[in-house]
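*Asks:* Would you mind keeping the following structure in view while I ask a few things?
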Amino acid sequence: MGAMSVRPDTDAAAQQAAGKAPHRAGFACFVGRPNAGKSTLTNALVGQKVAITSNRPQTTRHTVRGIVHRDDAQLILVDTPGLHKPRTLLGERLNDVVRTTWAEVDVIGFCLPADQKLGPGDKYIVKELAGIKKTPKIAIITKTDLVDSKQLAEQLLAVSRLGEELGFEWAEIIPVSAVKDTQVGLLGDLIAPLLPESPPLYPEGDLTDEPEMVMVAELIREAALEGVRDELPHSIAVVVEEMLPREGRPADKPLLDIHANVYIERPSQKGIIIGPKGKRLKDVGTKSRKHIEALLGTPVFLDLHVKVAKDWQRDPKQLRKLGF
C-alpha cells in the first residue's frame, strides 16, 4: 500500500509528539540561461511530462508548476522563462515574470549545464540572484551524463567560486542528470528541508495547477517547434479555442474535440509549419495528440489551423490576446 501524505487538518505539534518530523510544503523554481535543462529537470522530479522541453532557447513562456508529492513534503515547482537581455516587448515581459517569481518562492535552484563553460549569461543571472538575500539558493549542475568526472569537478568548483565572488554561499551544490535519472531524487531530498512547515497545499494526485487548455496549447507548441528551421522558435504561439466532449458518444467511448490555432508572424512562415502537402502539420497533430491524450486520459480529436498574427511579439494588443 502507498504511503499517505499528511492531510491539511493534521496538527504539526501532534506529529512532533509522535516523533515524526513536521510536513513541509512550498515553492521552488529553477533558473538558468535558456536551454540549461530546467524543464527536463522539472519533468524528471514530477515523474510526468508537465513542462515544455525543447532544445531551443526561449520555449517556456508560461509558468508551469509541477507538483512533487512526498511523504514528508510537497514541492511545487515553478518553471520560469529563461532570464535574458530583452530585445522585444515580449522579452521584457518575460523578465518581469522571472523576477516576480523569484521574489515569491521558498527555494531557487540555479541550473548550469555540465558541458558548457560558465558564461556571461550565467554570471548575469547569478548576480541577480545575489540580490535576493533571504531565499536559499541551490546550484544544480545539469546534463552530467555529457561530461567526464574531471570536467564535472571543474564545473562544480567554478560555480562555487562564482557564489563567493558575489558574496553569498550556495545552500547546496549538486550534480544531476535528468535524462539518466542520476541524483534527481537526492535533489528532492535537499530541497524538502528548505521549505516552510506546512500541510500539503494541493490535493494528492494533482501534478500541476496550470489550466488544462494552457497545457494542451504548450504540448501543441512543443510539437510544432520540433524540426523547424532556426528562424521560427520565437514566432510560434498556440491558442486552444475550445475543448468540448463530442455529443452523442456512449459513456464508455468518450471523445474530446479540441480546436486550436497555431499563430505565426508572417505569411511566409505558413508553408514551413504546414509542410509539403500538409505533412508537417499532420505530424504535429499526431505527435501532440498522443501527449494530450496521455495528459487528459481520454481520446482526442485535434483540429489544428495555422493563422498569421502579424508581428505579434511586438504588439501589446496581440500579446494580450495570445495570453502574454
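*Asks:* Name the residues whose placed amide hydrogens come within less than 5 Å of the amide hydrogen of Gly109, ignoring near sequence neighbours (fewer than 5 apart) on the same chain.
*Replies:* Cys29, Phe30, Val31, Ile138
*Asks:* Relative to a virtual label point 7 Å from the Cα of Ala103 in the Cα→beta-carbon direction, which members of segment 123-147 show backbone nitrogen distances below 13 Å?
*Replies:* Flagged as within label range: 132-133.
*Asks:* How big is the dipole moment of segment 212-321 about its Cα centre under a simple scheme where the beta carbon of each Lys and Arg is +1, that of each Asp and Glu is -1, and everything else is neutral? Debye, nearest 20, please.
*Replies:* 400 debye
*Asks:* Please list, in order along segment 146-160, the HN-Hα scalar couplings obtained from phi with the Karplus expression 6.51 cos²θ - 1.76 cosθ + 1.60 (θ = phi - 60°), rounded to whole Hz, x for Gly and Pro.
*Replies:* Rounded to whole hertz, the list is 8, 10, 8, 5, 5, 4, 5, 4, 4, 5, 4, 5, 4, 6, 5.
*Asks:* Calculate, in nm to one decimal, what Arg93 and Ala153 gain on full extension: separation in residues at 0.36 nm each, minus their alpha carbon distance.
*Replies:* 18.0 nm
*Asks:* Here's something else I'd like to know. Which of the pairs Lys253/Lys277; Lys143/Lys290; Lys123/Lys143; Lys117/Lys137; Lys279/Lys307 have their Cα atoms more than 23 Å apart in this structure?
*Replies:* Distance filter (> 23 Å) returns Lys253/Lys277; Lys143/Lys290.
*Asks:* Taking H as built 1.01 Å from N, whose amide H comes closer than 5 Å to the amide H of Val238, not counting residues under 5 places away?
*Replies:* Placed amide hydrogens put Tyr263 under 5 Å from Val238.
*Asks:* Distance in nm between label sites at Lys277 and Asp115, each 7 Å beyond Cα in the beta-carbon direction?
*Replies:* About 3.6 nm separates the two model spin labels.
*Asks:* Fully extended, how many nm does the chain gain between Met243 and Leu146 (0.36 nm per residue separation, minus their Cα-Cα distance)?
*Replies:* 30.8 nm
*Asks:* Tell me, in nm to one decimal, what length is gained between Lys307 and Glu212 on full extension, where the rule is 0.36 nm per residue of separation less the Cα-Cα distance?
*Replies:* 32.0 nm
*Asks:* From the backbone phi of segment 190-200, what are the Karplus-calculated ³J(HN,Hα) couplings (6.51 cos²θ - 1.76 cosθ + 1.60, θ = phi - 60°) in whole Hz, Gly and Pro given as x?
*Replies:* In residue order, the calculated couplings are 7, 6, 3, x, 7, 7, x, 5, 5, x, x Hz.
*Asks:* Just for segment 212-321, what percent of DSSP beta bridges are antiparallel, to the closest 5?
*Replies:* 45 percent
*Asks:* Using the beta-carbon distance between Arg161 and Asp189 and R0 = 22 Å, what value does 1/(1 + (r/R0)^6) give for FRET efficiency, to the nearest 0.05?
*Replies:* 0.30
*Asks:* Another one. Apply the Karplus parameterisation 6.51 cos²θ - 1.76 cosθ + 1.60, with θ equal to phi minus 60°, to every residue of segment 132-145 and state each ³J(HN,Hα) to the nearest whole Hz, in sequence, with x for glycine and proline.
*Replies:* 9, 5, 7, 6, x, 10, 10, 8, 10, 8, 8, 6, 5, 5
*Asks:* Further, regarding this structure: With charges set only on the Cβ (+1 for Lys and Arg, -1 for Asp and Glu), what does the dipole of segment 88-159 come to about its Cα centre, in debye to the nearest 20?
*Replies:* Numbers: 10 positive and 10 negative charges, 51 e Å.
For segment 88-159, the charge dipole is close to 240 debye.
*Asks:* Starting from the amide H of Leu255, placed 1.01 Å from N in the peptide plane, find each other amide H under 5 Å away whose residue is 5 or more places distant or on another chain.
*Replies:* Distant-sequence amide H within range of Leu255: Arg246.
*Asks:* Given contacts defined as C-alpha pairs under 8 Å and at least six residues apart, what's the relative contact order of segment 212-321, whole-number percent?
*Replies:* About 29 percent, as a whole number.
Where a number appears in this text, it was derived from the coordinates with a stated rule and is not lab data. In this text the structure is predicted, and so the values were computed from the model without any measurement. Virtual Cβ from ideal backbone geometry, glycine too; neighbours counted across all protein chains shown.
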